[in-house]
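Novice: Questions regarding the structure given below will be posed in turn.
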Amino acid sequence: MTEQTPAPSLYVAREPIFPKRVKGSFRSLKWVILFVTLGIYYAVPWIRWDRGPDIPDQAVLLDLAGRRFYFFWIEIWPHEFYFVAGLLIMAGLGLFLFTSALGRVWCGYACPQTVWTDLFIAVERWIEGDRNARLRLHRQKEWGFRKVRLRVTKWSVWLLIGLATGGAWVFYFADAPTLLRDLVTLNAHPTAYTTMAILTATTFVFGGFAREQICNYACPWPRIQAAMMDEDTLTVAYRSWRGEPRKHSEEVRTGEAQGDCIDCMACVNVCPAGIDIRDGQQLECITCALCIDACDDIMAKIGKPRGLIDYMALTDEVAERAGNPPKSVWRHVFRPRTMLYTALWSGVGLALLFALFIRSDVEISVAPVRNPTFVTLSDGSIRNTYDVRVRNKDFEARTMRLNLRGDPALRLQLEGSAYEAVAVPANETLLQRVYVIAPAGSNAARADTTDLRIWVEALGGGDRSYRDTSFNGKGTE
């Protein structure tokens, strides 16, 4: 009986990546962005902003219960969600702009997955040591006291970071000091604890274990970015015409001219994605430029000019291979594609600013009551009924006066009030039933419909708004 050879497995287990510590301008830039972005994320919910009584004093707050979005002096109501949609469109266009100019610069520097992974790797390096020490610990099969102590310490710090991450997130949806007190005293809503638990777990797993796998398999952007890039996009690349053939390579023959690359693997050892940039641009590369810092350091040590690995474009490669100087950075950045994205981004931003500055603190909506469409009163006059919502977006209660524009014979009457004014609380919407009456024999009473405009004006403030509607008559004309 012949023994059958087992079929080769199509699955290759992931090899953990242990990036080496590196120093350089790009690494310093990443540290600055990490501290700034995390500082903003953790600190913003604690910024206070006085909005008067009965209104949250938090500068940035997504008040789902009150259906409001507060951003410093800006207050977004549910019907103004187009502001949020506009900001999302600007974020997308900004991503297109930066990608077309500088490749995956968002992924390499500011993406939350990158920022938290960088922080987790820094904690890992601080506790377990640099790359070689972490490799030795990983390959150690026995779980001795030292390995258990280092692992537990590292995981504990990761969990604290994850807990702070989830905690900061829920503070954006409720008054931060109040919610913190409720969380500590176990009086917070179960939704807050559930959200924190989910974000703590995902931060712990994504930043500590999944790392580059989230970028490679879960994130769609590596597959979309190709549509945003062209031959003039600046991205991290290896100058193979300068580096090849590599020194210390078995393929180099005696007496053959050698390139600047000494095959030291420094660029590979510092890469958080574990790739070799010398193999060309790859989907896994997030253009964090740490390989540039590592290679520049080696070039300085062996007396070679920097730039063996650098930000460059495909057009630069063609020019340099031919012995010509590359284009300037500005010619790569300012080209038709990027200028189009900039114009679109600016246009959306200006439109949002214009809409923000022209909006009034007083708004009105009018809904005619259609059952019945009109009522004939005892004196023969015709009455229409409307449900009018008056919205006061100011932080103080205001008195609003309602009036009509249209047929002069029409008159307005408020249900439950002998006056044409109503008091609207601060930051509230008041529902008021309004009657519009046309005297018997008037044009509005005899016509099928008459155009009508209902105005609302804040007394003493000058803010006003209107809505157009129609008045239904008998239709005897």
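Novice: Out of (1) in contact with a Lys or Arg (Cβ under 9 Å, 6 or more places away or on another chain); (2) in contact (Cβ under 8 Å) with a residue 60 or more places away in the chain; (3) of a type outside the set (A, V, I, L, M, F, W, C); (4) closer than 17 Å to Thr469 by Cβ, what's the single condition that is false for Tyr435?
Specialist: (2)
Novice: Checking the conditions here, which among Arg405, Arg391, Arg398, Arg433 is surrounded by fewer than 16 Cβ atoms within 10 Å (Cβ to Cβ) and either of a type in the set (Phe, Trp, Tyr) or within 13 Å of Val456 (Cα to Cα) (or both)?
Specialist: Values: Arg391 fails: surrounded by fewer than 16 Cβ atoms within 10 Å (Cβ to Cβ); Arg398 fails: surrounded by fewer than 16 Cβ atoms within 10 Å (Cβ to Cβ); Arg433 fails: either of a type in the set (Phe, Trp, Tyr) or within 13 Å of Val456 (Cα to Cα) (or both).
After applying the criteria, what remains is Arg405.
Novice: Is there any pair with a first residue in the stretch 32-54 that is acidic (Asp, Glu) and a second that is assigned to a loop (DSSP other than H, G, I, E, B) whose Cβ atoms are under 8 Å apart and which are 6 or more apart or on different chains, and what are they?
Specialist: Filtered contacts from the stretch 32-54: Asp50/Asp57; Asp54/Ala426; Asp54/Asn427.
Novice: Something else about it: Looking at the stretch 136-148, is at least one residue within 30 Å of Met228 (Cβ to Cβ) and either surrounded by 13 or more Cβ atoms within 10 Å (Cβ to Cβ) or at pLDDT below 90 (or both)? Spell out the reasoning first.
Specialist: Within the stretch 136-148, the first condition is being within 30 Å of Met228 (Cβ to Cβ), and the residues that meet it are none.
No, that holds for no residue.
Novice: Of all residues in the stretch 118-157, which are closer than 18 Å to Glu212 by Cα and among the charged types (D, E, K, R)?
Specialist: Within the stretch 118-157, Asp118, Glu124, Arg125, Arg131, Arg134 meet the criteria.
Novice: Which count do you get for residues in the stretch 340-388 that are assigned by TED's automatic domain parsing to the domain that holds Ala445, over 21 Å from Arg464 (Cα atoms) and of a type in the set (Gly, Ala, Ser)?
Specialist: The number of residues fulfilling the criteria is 3.
Novice: If you don't mind, there's one more thing I want to ask. Give the number of residues within the stretch 435-450 that are assigned to a strand (DSSP E or B) and out of contact with any helix residue (DSSP H, G or I) (no Cβ under 7 Å at 6 or more places or on another chain).
Specialist: Just the residues of the stretch 435-450 that are assigned to a strand (DSSP E or B), to begin with: 435-438, 449-450.
Subsequent filtering for residues that are out of contact with any helix residue (DSSP H, G or I) (no Cβ under 7 Å at 6 or more places or on another chain) retains 435-437, 449.
Qualifying residue count, the stretch 435-450: 4.
Novice: Which of the residues spanning the stretch 21-51 are surrounded by 12 or more Cβ atoms within 10 Å (Cβ to Cβ) and among the polar types (S, T, N, Q)?
Specialist: Result: Thr37, single match.
Novice: Every residue in the stretch 295-349 that is small (Gly, Ala, Ser) and without any contact (Cβ under 8 Å) to a residue 40 or more places away in the chain, please.
Specialist: Residues of the stretch 295-349 that are small (Gly, Ala, Ser), as a first pass: 300, 303, 307, 313, 319, 322-323, 328, 343, 346-347, 349.
Across the stretch 295-349, the qualifying residues are Ala300, Gly303, Ala319, Ala322, Gly323, Ser328, Ala343, Ser346, Gly347.
Novice: While we're looking at this one, here's another question. Can you say whether Met265 is surrounded by fewer than 16 Cβ atoms within 10 Å (Cβ to Cβ) and at pLDDT 90 or above, as far as the supplied structure shows? Step through it out loud before you land on a result.
Specialist: Values: surrounded by fewer than 16 Cβ atoms within 10 Å (Cβ to Cβ): yes; at pLDDT 90 or above: yes.
Here the answer is yes, as Met265 does meet what is asked.
Novice: Now, a different point. From the list Ala226, Ala218, which one is outside the structural domain of Glu317 (by TED's automatic domain parsing) and more than 22 Å from Asp118 (Cα to Cα)? Working first, answer last.
Specialist: Values: Ala218 fails: more than 22 Å from Asp118 (Cα to Cα).
The unique qualifying residue is Ala226.
Novice: Next question. Can you pull out the residues in the stretch 416-460 that are modelled with pLDDT of 85 or more, under 20 Å from Arg398 (Cβ atoms) and acidic (Asp, Glu)?
Specialist: Glu457, the sole residue that qualifies.
Novice: Suppose the filter is under 30 Å from Gly307 (Cβ atoms), assigned by TED's automatic domain parsing to the domain that holds Thr203 and either at pLDDT 90 or above or touching a Cys at 6+ places or on another chain (Cβ under 7 Å) (or both); does Lys30 pass it? Explain how you work it out, then say what you get.
Specialist: Details: under 30 Å from Gly307 (Cβ atoms): yes; assigned by TED's automatic domain parsing to the domain that holds Thr203: yes; either at pLDDT 90 or above or touching a Cys at 6+ places or on another chain (Cβ under 7 Å) (or both): yes.
When the stated conditions are applied, Lys30 passes them.
Novice: Starting from residues that are surrounded by fewer than 16 Cβ atoms within 10 Å (Cβ to Cβ) and without any contact (Cβ under 8 Å) to a residue 24 or more places away in the chain, keep the ones in the stretch 80-102 and report whichever is farthest from Trp46 (Cα to Cα).
Specialist: Of everything passing the filter in the stretch 80-102, Gly92 is farthest from Trp46 (Cα to Cα).
Novice: Check whether at least one residue in the stretch 178-185 is modelled with pLDDT of 90 or more, in the same structural domain as Ile47 (by TED's automatic domain parsing), over 30 Å from Gln282 (Cα atoms) and of a type in the set (D, E, K, R), and report yes or no.
Specialist: Yes: the stretch 178-185 contains one or more residues that are modelled with pLDDT of 90 or more, in the same structural domain as Ile47 (by TED's automatic domain parsing), over 30 Å from Gln282 (Cα atoms) and of a type in the set (D, E, K, R).
Novice: Here is a follow-up. Does the stretch 6-19 include one or more residues that are under 18 Å from Asp293 (Cα atoms), surrounded by 12 or more Cβ atoms within 10 Å (Cβ to Cβ) and not assigned by TED's automatic domain parsing to the domain that holds Val270?
Specialist: Filtering the stretch 6-19 down to residues under 18 Å from Asp293 (Cα atoms) leaves 18-19.
The next check asks that each one be surrounded by 12 or more Cβ atoms within 10 Å (Cβ to Cβ); those that pass are 18-19.
In the following step, the residues that additionally are not assigned by TED's automatic domain parsing to the domain that holds Val270 were identified as 18-19.
Yes, the stretch 6-19 contains at least one residue that is under 18 Å from Asp293 (Cα atoms), surrounded by 12 or more Cβ atoms within 10 Å (Cβ to Cβ) and not assigned by TED's automatic domain parsing to the domain that holds Val270.
Novice: While we're looking at this one, here's another question. Any idea which of Gln258, Gln282 is under 30 Å from Arg134 (Cα atoms) and without any contact (Cβ under 8 Å) to a residue 24 or more places away in the chain? Working first, answer last.
Specialist: Working: Gln258 fails: under 30 Å from Arg134 (Cα atoms).
After applying the criteria, what remains is Gln282.
Novice: Please return the ranges of helices (runs of 4 or more DSSP H) entirely within the stretch 291-365 where 2 or more residues are surrounded by 14 or more Cβ atoms within 10 Å (Cβ to Cβ) and charged (D, E, K, R).
Specialist: Details: elements: 314-321, 329-333, 336-358.
In the stretch 291-365, the matching helices (runs of 4 or more DSSP H) lie at 314-321.
Novice: Looking at Trp106, Trp126, Trp77 in this structure, which one is of a type in the set (Phe, Trp, Tyr) and over 30 Å from Leu352 (Cβ atoms)? Spell out how you get there, then give the answer.
Specialist: On the way: Trp106 fails: over 30 Å from Leu352 (Cβ atoms); Trp77 fails: over 30 Å from Leu352 (Cβ atoms).
Result of the check over Trp106, Trp126, Trp77: Trp126.
Novice: Okay, next question. Considering only residues that are crowded, with 18+ Cβ neighbours inside 10 Å and among the hydrophobic types (A, V, I, L, M, F, W, C), look in the stretch 151-168 and name the one that is farthest from Phe18 (Cα to Cα).
Specialist: Per the stated criteria, the residue is Ala168.
Conditions tested, residue by residue: (1) at pLDDT 90 or above; (2) at positive phi; (3) surrounded by fewer than 21 Cβ atoms within 10 Å (Cβ to Cβ); (4) under 27 Å from the mean Cα position of the chain (by Cα).
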{"residue": "Thr203", "(1), (2), (3), (4)": "yes, no, no, yes"}
{"residue": "Ser249", "(1), (2), (3), (4)": "no, no, yes, no"}
{"residue": "Val252", "(1), (2), (3), (4)": "no, no, yes, no"}
{"residue": "Val270", "(1), (2), (3), (4)": "yes, no, no, no"}
{"residue": "Asp276", "(1), (2), (3), (4)": "yes, no, yes, no"}
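Novice: Let me ask something else. When the stretch 56-76 is examined, which residues are found to be at pLDDT below 85, surrounded by 17 or more Cβ atoms within 10 Å (Cβ to Cβ) and not charged (D, E, K, R)?
Specialist: Those that are at pLDDT below 85, surrounded by 17 or more Cβ atoms within 10 Å (Cβ to Cβ) and not charged (D, E, K, R): Pro56, Ile76.
The values are calculated or read from the model by the stated rules, or taken from the named source; none is laboratory data. Every value quoted in this text rests on a predicted model; they were computed, and no experiment measured them. Counting neighbours? That spans all protein chains shown, and the Cβs are built from the backbone with ideal geometry, glycine included.
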